[in-house]
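These notes are about the structure you will find just below.
The values are calculated or read from the model by the stated rules, or taken from the named source; none is laboratory data. Note that the coordinates shown come from a computational prediction; the quantities given were computed from them, not determined experimentally. Here Cβ is always computed from backbone atoms with ideal geometry, including for glycine, and neighbour counts include all displayed protein chains.
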Amino acid sequence: MRKAVVRGLAAAIGLALAVGAASTGAAAAPSPVTVPASAPGNVAAVPPMGWNDWYTFFCDLDENLIKQTVDAMISTGMRDAGYKYVNLDDCWSAKERDAAGRLQADPAKFPSGIKALADYVHERGMKLGIYGDVGTQTCARYPGSYGHEAVDAQTFADWEVDFVKVDWCFVPFEDFPGKSQQEVAAELYGRWHDAIEATGRPMFFSICVWDPSVKSWEIAGPLGDMWRTSNDYSDSWGAVLGNIDAQAPLADLAGPDKGWNDPDILMVGKGGMTATEYRTQFSMWSMMAAPLLAGNDVRNMSQETLRTLTNTEVIAIDQDPLGRQATRVRDDGDLEVWARPLANGDVAVALLNRSGIAQTITAQASEAGLPTAESYSLRDVWAHQTTKSTGAIRAFVPSHGTAVFRVTQSGDAKAPAVSTSVKIGADAGTEWPVLFPGEPGTVEVVVANDAPMTVTDVRIELVVPDGWDVEGDPVRRERQLGGEREVSVSYAVTPSRDTSGDRTPVTARVTYQYGKNIGSTSGTQLALVVPKPPTGESYLSDLAWLDASSGWQSVTRDREVGGGPINLAGTTYAKGLGLATPGDVTYWVGESCSRLTALAGIDDVVDRVSPAGGTAVFEVYADGEKVFDSGLVRRGAAIPVDVSLTGVSELRLHVADGGDGGYNDRADWADAKVTCA
Ligand code: GLA
């Protein structure tokens with residue numbers, strides 16, 4: 001916690017964005033080192049790293065869990081990788097204050113008390129975080145701090161707590177007539193700021209205004225050390241993208257003497273996403289100088305999860321002392337380039353592929369803000385390899401993956417930057433990498449040499465699953481490939497007749513020579529081998545899709561997206577698809593179907609969840625053209641969908657938010673089926 005000086009000024013001008021640029025003089029100028037560093041006197045010189053119990057344990061926490069977590073963070077190497085904070089979230093306290101009006105720990109969950117827990121944590125070289133709320137109750141209805149800010153901050157300080165997260169539930173707006181929500185937030189978090197400062201104990205202050213309509217970031221900078229930039233989210237790909245997009249425009253607010261934008265606790269290792277998607281989350285949180293608070297059960301995690309969370313090269317980007325949040329320097333729809341200048345003059349560049357297929361993304365050193373140079377060293381911080389390029393920063397990025405490079409002007413890299421991409425089914429009439437069982441399709445391999453030097457003896461080998469056929473020799477050779485050149489080779493590939501559904505890897509393995517050395521690169525595309533739908537009627541929920549994505553929760557078959565049965569306007573449906581907005585499901589119907597029918601609507605369950613949200617627009621696209629548009633659909637409706645599919649190959653069902661945010665949007669395509677020849 002810091003920035004006492006600026007607070008008065010901010011309150012006086014009452015405007016926050018202006019404050020982002022104000023200088024406090026509180027923090028020392030960043031020194032040009034690349035290791036994680038925390039300047040004395042400023043607990044927030046770099047984004048905090050640690051763990052928070054909420055998303056895995058919710059109210060099911062106790063002192064054993066916390067001690068076991070501390071022990072696990074030490075034995076797994078997390079602590080030594082930089083994870084210092086162990087943070088209790090909601091539900092740690094008793095339901096009543098003590099006789100003196102102080103918060104007290106739940107005696108069943110924390111029989112030894114919080115001070116003893118803090119001692120346990122401190123003895124092990126770590127720090128303890130705790131949770132409170134500006135309102136009359138916490139979100140889980142434990143005592144709130146409204147009117148008790150000073151005593152609560154002092155209690156936390158007495159317990160030697162190091163980190164305080166303060167939530168935004170049960171805010172007594174009625175006590176602030178005529179004030180906007182933002183003004184109330186400024187007032188209440190201001191009280192907390194002052195209360196923490198008055199204790200004299202340096203405690204990291206995390207402002208948790210989860211309601212993005214309040215725009216807490218506009219008032220939080222002078223008050224706190226980090227502040228949420230999005231609402232609570234879920235362990236799903238769409239939700240991660242949503243939080244990245246929410247934080248993207250706020251880069252100017254982050255910095256060592258400002259505080260940090262907080263896209264929320266990490267989902268890495270919780271199980272709802274793929275390892276690739278979790279690496280993307282970790283990469284992008286680090287690019288965005290976000291707090292790295294693990295949210296998984298670290299007592300029990302896979303080696304893959306641990307490798308992601310403890311990749312010290314990625315962590316060094318997050319913790320870079322210059323503290324500049326990355327900006328999106330290029331946005332080609334699903335393919336994005338992000339850049340972040342680092343303290344030693346390097347630039348971190350992330351290539352983010354939001355699409356459903358592996359694609360090449362190429363950035364130029366100049367667009368990432370690097371000065372002109374004859375060559376650059378590209379340090380791939382996931383592959384842990386350094387290569388030399390004349391300026392192209394290129395990677396063949398898997399679907400939902402992110403390549404991250406630390407780029408140095410010139411540098412002493414010896415190995416050439418050579419990359420390999422694999423494109424499938426360019427002749428299939430769709431952008432998806434589609435092949436059909438028993439039918440030949442085209443696979444194109446491109447090898448690009450971005451280095452200044454020529455490589456020789458290039459050997460390209462296509463590797464397909466057993467039982468598939470490659471026409472001719474799967475090995476192709478090129479005597480040489482010059483600098484800044486690429487070579488493309490094409491194969492006719494036939495999947496076996498019994499391949500069905502799902503994604504099948506097709507890999508190009510490439511070796512080459514430079515000087516006396518052998519280099520290698522490879523690229524994998526996941527082929528979609530799609531049988532045409534069977535003749536007659538088929539429920540969409542029984543067919544393999546090409547791709548599916550959906551807002552806060554993955555697409556569900558025969559369930560509404562929250563997991564319950566499908567209910568529309570009082571009727572239960574055994575079959576159908578459930579989507580959150582924005583969402584898409586794409587099928588290959590290969591000109592063999594005549595009709596799609598369904599009932600579109602918002603699942604009845606939303607009424608039990610909340611009066612908020614729960615509106616959507618339903619659309620159907622046939623080969624990219626809109627053929628159905630429901631208009632705005634509110635609760636209680638079941639809109640009939642009946643569209644012709646004659647001559648159509650690619651069928652896409654789309655749901656968009658109805659204009660009130662994605663919250664509670666549980667869009668059903670009940671009874672959705674295709675009729676095929
Ligand atoms: C809110 C916050 C979460 C968590 C819960 C606890 O939803 O945004 O991070 O602290 O409250 O109840």
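State all residues of segment 129-148 that are closer than 19 Å to VAL43 by Cβ and of a type outside the set (Ser, Thr, Tyr); if no residue qualifies, say none.
Pass one, segment 129-148, residues closer than 19 Å to VAL43 by Cβ: 129-132.
Residues satisfying the conditions are GLY129, ILE130, GLY132.
So that you can scan it fast, the table gives a plain yes or no per residue for (1) assigned to a strand (DSSP E or B); (2) under 30 Å from PRO533 (Cα atoms); (3) in contact with a Gly (Cβ under 8 Å, 6 or more places away or on another chain):
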| residue | (1), (2), (3) |
| --- | --- |
| ARG406 | yes, no, no |
| ASP412 | no, no, no |
| LYS423 | yes, yes, no |
| GLY438 | no, yes, no |
| ALA451 | no, no, yes |
| ASP457 | yes, no, no |
| VAL487 | yes, no, no |
| SER490 | yes, yes, no |
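So which residues in segment 136-173 are among the hydrophobic types (A, V, I, L, M, F, W, C) and under 19 Å from ASP225 (Cα atoms), if there are any at all? Please lay out each step first, then the result.
Applying the first criterion (among the hydrophobic types (A, V, I, L, M, F, W, C)) to segment 136-173 yields 139-140, 150-151, 153, 156-157, 159, 161, 163-164, 166, 168-171, 173.
Matches in segment 136-173: ALA150, ALA153, PHE156, ALA157, VAL161, PHE163, VAL164, VAL166, TRP168.
Among the residues of segment 516-543, those that are touching a residue at least 40 places away in the same chain (Cβ under 8 Å) and surrounded by fewer than 13 Cβ atoms within 10 Å (Cβ to Cβ) comprise ASN517, PRO534, THR535, GLY536. The set of residues from segment 223-232 being acidic (Asp, Glu) and surrounded by fewer than 24 Cβ atoms within 10 Å (Cβ to Cβ) comprises just one member, ASP232.
Do we have any residue at all in segment 61-68 that's farther than 21 Å from TRP260 by Cβ, at pLDDT 95 or above and in a loop (DSSP other than H, G, I, E, B)? Within segment 61-68 (the criterion being farther than 21 Å from TRP260 by Cβ, at pLDDT 95 or above and in a loop (DSSP other than H, G, I, E, B)), the answer is yes, since at least one residue qualifies.
So GLY272 passes all but one of these: (1) over 24 Å from GLY551 (Cα atoms); (2) part of a loop (DSSP other than H, G, I, E, B). Which condition number does it fail? Every listed condition holds for GLY272 apart from (1).
Checking each residue in segment 543-575 for being part of a strand (DSSP E or B) and closer than 25 Å to ARG354 by Cα picks out ASP547, ALA548, SER549, SER550, THR556, ARG557.
In segment 206-222, the qualifying residues are those that are crowded, with 20+ Cβ neighbours inside 10 Å and within 15 Å of the ligand (Cβ to nearest atom), and the one that is nearest to ASN42 (Cα to Cα) is SER206.
THR556 fulfils the conditions (1) modelled with pLDDT of 95 or more; (2) hydroxyl-bearing (Ser, Thr, Tyr); (3) within 23 Å of SER234 (Cα to Cα); (4) in contact with a Ser or Thr (Cβ under 7 Å, 6 or more places away or on another chain) except for a single criterion, (4).
Restricted to segment 238-293, and to residues there that are surrounded by 24 or more Cβ atoms within 10 Å (Cβ to Cβ) and among the basic types (Lys, Arg), the residue that is farthest from GLY661 (Cα to Cα) is LYS258.
If you take the residues in segment 326-372 that are part of a loop (DSSP other than H, G, I, E, B) and within 15 Å of the chain's Cα centre (by Cα), which one is modelled with the lowest pLDDT?
If we filter segment 326-372 for residues that are part of a loop (DSSP other than H, G, I, E, B), which is where we start, we get 326, 333-334, 342-346, 354-358, 365-372.
If we keep only those that are within 15 Å of the chain's Cα centre (by Cα) as well, we get 326, 334, 354-355.
Working: ALA326: 98, ASP334: 95, ARG354: 96, SER355: 92.
Ranking the qualifying residues of segment 326-372, first place goes to SER355.
Given the options THR199, THR229, name the one that is in contact (Cβ under 8 Å) with a residue 24 or more places away in the chain and more than 16 Å from the ligand (Cβ to nearest atom). Steps first, answer last, please.
Values: THR229 fails: more than 16 Å from the ligand (Cβ to nearest atom).
THR199 is the lone residue from the list that is in contact (Cβ under 8 Å) with a residue 24 or more places away in the chain and more than 16 Å from the ligand (Cβ to nearest atom).
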